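Take a look at the structure below.
The values are calculated or read from the model by the stated rules, or taken from the named source; none is laboratory data. Values in this document were obtained by computation on a predicted structure and should not be read as measured data. All Cβ positions, even for glycine, are placed from backbone atoms using ideal geometry, and neighbour counts span all protein chains on display. The area values use the complete protein model at the heavy-atom level, side chains included, leaving out ligands, DNA and RNA. Shrake-Rupley method; radii C 1.70, N 1.55, O 1.52, S 1.80 Å.
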Amino acid sequence: MNLPVLSIVIPCFNEEACIEHTTTRLLEVLKELEDENQISSDSFIFFVDDGSNDNTWSFIQKENEKNNKVKGVSFTRNFGNQMAILAGLTEANKLKADCFITIDADLQQDETKIKEFVQKYKSGIQIVCGVRNDRKTDGVFKKTSALFFYKLMNLFGVNIKPNHSEYRLLSKKVVDALENYTERNMFLRGIFSEIGFKKDYIFFDVKPRREGVSKFTPFKMFTLALNGITSFSIVPLRMVMFLGLIVAFISFCIGISALIDKIFLDKAVSGWATIVTAIGFIGGIQILCIGIIGEYLGQLFQEVKNRPRYIIEKSIT
Ligand code: UDP
Ligand code: MG
């Protein structure tokens, strides 16, 4: 059997401080696997510069001059981590790889596990997902919000394994199938949980970041979580409908009771505070429901425009 060509895909946003060390480490990992006859010597590293404002791209070029196993593309602007991963897989797929591993530029994910990913692939698994053992390196906010997000997703009917990361191996077949997902708002973790194929998990430890700071601002995380929910579940829309029904039913009961008070008990109306609270409550719920519907409408708007998902400006292939 021919040895598989492995491509390691790395999304980068303002990662100039990491490129050199990451490349050195990953080339070592590739070399070890090649020496052990696990993968083909045509295996390569594929960087995607997600519109960095620093010198990330020139660092990638420098690494390519040292070793032509280092390839990559650069976006015209920041399109976000999901698009960077997608572009990396799509472009690397054109270079005839058999399997792909995505990993973060800061190598927080344990790169020594790559060997185990490859072994699983060779045993016939098409998707190998990296799952974090714990969230020790995350702050309290990130930890709790992530836990809440996975619980919410499961409640909404999208079964994503908690602490599933963007560290995963995909076979060429999976990447070919992924190319048929043409949506603008991509939530890869959701797609890989519904795309099918033989799947397995590998558990790894997360290291603290060596250089630079996290490029995932709370706002970017919130946007990703919201996209994840609205692009995979319509349960929130149904909840809006039920909420409306419940509120309408309660108002109806209150109306009936007020009518009974007036006609049979002849009670004077003294509930100014009650009315104001009720109006405020219903107003709040209405705005919330319109917001949820608006979120889905926004998604539709994005999809209908059918704009390019990312634009590549430069490439080294
Ligand atoms: N990243 C990206 N585009 C962005 C934000 C992040 O390509 O808009 C990349 C980043 O360079 C890194 C990976 O996504 O390779 C994960 O980001 P980071 O390590 O900052 O996130 P954290 O580990 O803190 O969740
Ligand atoms: Mg990181």
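Going by the conditions given, is ALA97 more than 18 Å from ASP42 (Cα to Cα), more than 16 Å from ligand 2 (Cβ to nearest atom) and surrounded by 20 or more Cβ atoms within 10 Å (Cβ to Cβ)? Spelling it out, it is not the case that ALA97 is more than 18 Å from ASP42 (Cα to Cα), more than 16 Å from ligand 2 (Cβ to nearest atom) and surrounded by 20 or more Cβ atoms within 10 Å (Cβ to Cβ). Is it true that some residue in region 214-223 is surrounded by 12 or more Cβ atoms within 10 Å (Cβ to Cβ), in contact (Cβ under 8 Å) with a residue 12 or more places away in the chain and in a loop (DSSP other than H, G, I, E, B)? Yes; the residues of region 214-223 include at least one that is surrounded by 12 or more Cβ atoms within 10 Å (Cβ to Cβ), in contact (Cβ under 8 Å) with a residue 12 or more places away in the chain and in a loop (DSSP other than H, G, I, E, B). Among the residues making up region 79-94, a single one is away from ligand 2 (no atom under 16 Å from the Cβ) and assigned to a loop (DSSP other than H, G, I, E, B): PHE79. Which residues, counting only those in region 301-316, are of a type outside the set (Gly, Ala, Ser) and open to solvent by less than 100 Å² (accessible area, probe 1.4 Å)? Within region 301-316, GLN302, GLU303, LYS305, PRO308, ARG309, TYR310, ILE311, ILE312, LYS314, ILE316 meet the criteria.
Pairing residues of region 193-213 that are touching a residue at least 60 places away in the same chain (Cβ under 8 Å) and more than 16 Å from ligand 1 (Cβ to nearest atom) with residues that are in a loop (DSSP other than H, G, I, E, B) and open to solvent by less than 60 Å² (accessible area, probe 1.4 Å), at Cβ distances under 7 Å and at least 6 apart in sequence or on separate chains, gives PHE197/GLN126; LYS198/GLY124; LYS198/ILE125; LYS198/GLN126; LYS199/ILE125; ASP200/ILE125.
Kindly indicate whether any position in region 120-137 is β-branched (Val, Ile, Thr), out of contact with any helix residue (DSSP H, G or I) (no Cβ under 8 Å at 6 or more places or on another chain) and within 15 Å of ligand 1 (Cβ to nearest atom). If you could, list the steps in order and put the result at the bottom.
Quick first cut of region 120-137, residues β-branched (Val, Ile, Thr) only: 125, 127-128, 131, 137.
This time we only want the ones that are out of contact with any helix residue (DSSP H, G or I) (no Cβ under 8 Å at 6 or more places or on another chain), so: 125, 131, 137.
Of the ones still in play, those that are also within 15 Å of ligand 1 (Cβ to nearest atom) are 131, 137.
Among the residues of region 120-137, at least one is β-branched (Val, Ile, Thr), out of contact with any helix residue (DSSP H, G or I) (no Cβ under 8 Å at 6 or more places or on another chain) and within 15 Å of ligand 1 (Cβ to nearest atom), which makes the answer yes.
Pairing each residue of region 127-149 that is among the hydroxyl-bearing types (Ser, Thr, Tyr) with any residue that is part of a helix (DSSP H, G or I), provided the two are 6+ apart or on different chains, yields C-beta distances under 9 Å for SER145/PRO218; SER145/MET221; SER145/PHE222; SER145/ALA225. Which one is least open to solvent (accessible area, probe 1.4 Å), of the residues in region 235-276 that are more than 30 Å from LEU155 (Cα to Cα) and among the polar types (S, T, N, Q)? That would be SER257.
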